[in-house]
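Down below is the structure, laid out as structure tokens.
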Amino acid sequence: MKVLVVGGGGREHAIIRKLSESPKVEKIYCAPGNGGISCDAECVAINAMNKEKMVTFAKDNHIDFVVVTPDDPLADGMVDIMEEAGVPAFGPTARAAIIESSKVFSKDLMKKYGIPTANYEVFGDSDAALAFIQEHQTFPVVVKADGLALGKGVIIAVDKNEAENAIRSIMEDKIFGQSGNQIVIEEFMTGPEVSVLAFTDGKTVKPMVSSKDHKRALDNDKGLNTGGMGTVSPNPYYTDEIAQECMKTIFLPTIDAMNQEGRPFKGCLYFGLMLTSNGPKVIEYNCRFGDPETQVVLPRLQSDLLEIMMAVRNECLEGITIEWSNEAAACVIMASGGYPGKYEKGCEITGLNSKGQIDDVIIYHAGTKKENGKFLTNGGRVLGITAIDGTLESALKKAYDAVSNICFKNAHYRTDIGK
């Protein structure tokens, strides 16, 4: 089969490397891809948001299956237009992707169907939101932009002043553009965070192994929120008992709720969970594979990813057995200095072989390009260094040993992933 993967980050690289293990896969294209991905797939210079060009390429090149991974093209209906053109595709429709593309929709869905989450209020203008904060007594609070914001549209405000600044920056200064036309202000929950990705065909839900993401830019969870600075799998806090409770109170009720709303969800549904003193609660949903969670979850997958994805698309997931390795995986993100703010591009990366890899670990390329045989930085998050081993400690050691051998100007990474 010929497969086209839409996107160009570390998550896409992880998906491509796992798809390439399938005996059914003859050729993988990636649009637009990146420098490291070009070593594992043929990269095509089409923007991930360009639906028309993407469909034309798929038709012209007789693509058998398309995997749409980023949130923006999913929310914009990339899967819908592929299917309408007769090209089978993995991922939710635009109507289902709203579970991520609108925080207001997802919070209202949870309230309507009794799915446990933080208490919240929705605001469509800054004056009403500021008035609410003036009367509010308990802090911190969480301020979220309604729409997509590259995983950065959430601000935890520790006091009244920070909350007011967050409201103004999102709703008046439009730091996240139109995504900030509405905001959600919700209670601050405490407890260990868990990321659970799940395959679902709209009827059956098959959760993947758990993971833990580190969102803040600096050690000890300091600094700005990023798209993710590292991950480990399994999540040490996520027990079998909690997994059963989540299936009963969160996973299945969410799929049922989306069906009730006439928005059946087929694809990968990401559950961002908080294990509170009152049980597991939903922090957020994503309508796709998480990044960098995918970089520790998929290396542990022992089954054929293409078979699973096709079963999801064809609504026959129930008949598929999915097997996972018992080993632990750790991923450390190497980012450009300044990320998630301003950063330099085009810095040479040294320490990688001609395939952009290092022995004994997997290097997932997120923001790289390849010029004259050299790998250069081309984004905020540059590389995800993933190691797999019998214990989390040994996996982390392998990952950090590899990190110490990779250099680029102003490289930045956290030293406490998995702590």
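Couplings 3J(HN,Hα) for the range 165-182, derived from phi with the Karplus relation 6.51 cos²θ - 1.76 cosθ + 1.60 (θ = phi - 60°), are 4, 5, 4, 5, 5, 7, 8, 9, 7, 6, 5, 10, x, 5, 4, x, 5, 10 Hz, where x marks Gly and Pro. Between the amide H of TRP324 and those of GLN302, distances stay under 5 Å, these residues lying 5 or more places away or on another chain, with hydrogens modeled in the peptide plane.
Size of the range 179-241: Rg and Dmax of its alpha carbons, in Å, are 14.9, 41.
For the chain, a simple Cβ point-charge model (Lys and Arg +1, Asp and Glu -1, everything else neutral) yields a dipole of about 700 debye relative to the Cα centre. Viscosity 1.306 mPa s, temperature 10 °C: Stokes-Einstein D of the range 272-314 from its Kirkwood Cα radius, in µm² per second? Rounded, D is 125 µm²/s. Taking all Cα pairs closer than 8 Å and separated by 6 or more residues, the relative contact order of the range 1-136 comes to 19 percent.
Please list, in order, the residues from the range 220-239 whose amide nitrogen is less than 19 Å from a point placed 7 Å along the Cα→Cβ vector of ASP173. Residues 223-227 fall inside that zone.
Using the beta-carbon distance between GLU21 and TYR237 and R0 = 41 Å, what value does 1/(1 + (r/R0)^6) give for FRET efficiency, to the nearest 0.05? Can you show the working numbers first?
Details: r = 30 Å, r/R0 = 0.73.
Taking R0 as 41 Å, the efficiency between GLU21 and TYR237 is 0.85.
With only Cα atoms counted, the range 39-101 has Rg and Dmax values of 11.4, 35 Å. Computed 3J(HN,Hα) for the range 286-298, one whole-Hz value per residue from the Karplus formula 6.51 cos²θ - 1.76 cosθ + 1.60 where θ = phi - 60°, is 10, 8, 6, 4, x, 9, x, 4, 4, 6, 10, 7, 5, glycine and proline marked x. Between LYS248 and GLU393, the contour length at 0.36 nm per residue exceeds the alpha carbon distance by 49.0 nm.
Please list, or write none, the aspartates and glutamates whose alpha carbon is within less than 16 Å of the alpha carbon of LYS398, excluding same-chain residues fewer than 8 places away. Qualifying aspartates and glutamates at Cα under 16 Å: GLU327, ASP359, ASP360, ASP389, ASP416. Projected label points at LEU224 and ASP127, each 7 Å from Cα along the beta carbon direction, are separated by 3.1 nanometres. The GluC sites (Glu not before Pro) found in the range 329-419 that occupy coil by DSSP, while having at most 13 further C-beta atoms within 10 Å, are GLU344.
Solvent-accessible area assigned to carbon and sulfur over the range 84-232 amounts to 50 percent, based on a 1.4 Å probe. Treating each Cα of the chain as an identical point scatterer and summing with the Debye formula, the log10 of I(q)/I(0) at q = 0.06, 0.10, 0.14, 0.15 Å⁻¹ comes to -0.23, -0.66, -1.37, -1.57.
On full extension, the segment bounded by GLN137 and GLU315 gains 59.3 nm, given 0.36 nm per residue less the C-alpha separation. Amide H contacts for ILE283 (H built 1.01 Å from N in the peptide plane; partners 5 or more residues away or on another chain; cut-off under 5 Å): GLY272, LEU273, MET274. Counting only aspartates and glutamates at least 8 places from LYS370 when in the same chain, those with an alpha carbon closer than 19 Å to its own are GLU12, ASP40, GLU42, GLU344, GLU348.
Karplus-derived 3J(HN,Hα) values for the range 4-12, using 6.51 cos²θ - 1.76 cosθ + 1.60 with θ = phi - 60°, are 10, 9, 8, x, x, x, x, 4, 5 Hz; glycine and proline are entered as x. Annotation for the range 1-75: trypsin sites (Lys or Arg not before Pro) lying in DSSP loop with at most 16 further Cβ atoms inside 10 Å of their Cβ are LYS24.
Any idea how many Lys pairs in the range 38-123 come in under 29 angstrom at the alpha carbon, given 8 or more places apart or on separate chains?
Value for the range 38-123: 5.
For the range 28-43, the residues whose amide N sits under 15 Å from a probe point set 7 Å from the Cα of GLU371 along the beta carbon direction are 35-36.
The range 1-69 to the range 200-253: how many Å between their Cα centroids? Between the Cα centre of the range 1-69 and that of the range 200-253, the gap is 26 Å. Applying both filters, DSSP loop and at most 15 other Cβ atoms within 10 Å, to the chymotrypsin sites (Phe, Trp or Tyr not before Pro) of the range 233-268 gives TYR237.
The values are calculated or read from the model by the stated rules, or taken from the named source; none is laboratory data. None of these values were measured; they are calculated from a predicted model. Backbone-built Cβ (ideal geometry, glycine too); neighbour counts: all protein chains shown. Ligands, DNA and RNA are stripped out before the accessible areas are found, and what is left, the full protein with its side chains, is counted by its heavy atoms. Shrake-Rupley method; radii C 1.70, N 1.55, O 1.52, S 1.80 Å.
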